[in-house]
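Working notes for the structure below.
Only the coordinates and a few stated rules stand behind these numbers; no lab work does. Not measured: the values here are computed from a predicted model. Glycine also receives a Cβ, built like all others from the backbone with ideal geometry; neighbour counts cover every protein chain displayed.
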């Protein structure tokens with residue numbers, strides 16, 4: 001009989017892979033998926049962020065994204081208003097996905 005540790009090592013890797021890419025507003029990261037790049041471009045154009053991270057956390061199928069964005073545009077606004085600005089900017093993209101996680105950082 002295999003020990004618990006040996007059984008864990010024998011398991012195949014998970015069928016999904018979480019891809020994490022961070023791109024500053026000043027440069028384009030060619031390793032982003034099409035969906036990540038579209039979101040990145042729209043948010044960069046609208047908010048000129050000092051920090052922007054767009055992640056497809058659905059294993060690459062484009063159904064769930066996690067976004068972290070830092071911008072002066074969020075200064076003085078409530079979190080609800082900050083998130084509303086982001087979701088309004090991504091209205092077209094949101095129609096085709098199942099979930100969106102947003103973290104805004106006022107500068």
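Some observations on this one:
- The stretch 28-107: C-alpha gyration tensor shape, a/c 1.5 cut-off, then a/b vs b/c: prolate
- Where a label projected 7 Å from the Cα of residue 105 along Cα→Cβ would reach, residues of the stretch 55-82 with amide N under 14 Å: 67-75
- Here the gap between residue 38 and residue 93, fully extended at 0.36 nm per residue and compared with their Cα-Cα distance, gives a gain of 19.0 nm.
- FRET efficiency, 1/(1 + (r/R0)^6) with R0 25 Å, evaluated for residue 79 and residue 45 via beta carbons: 0.65
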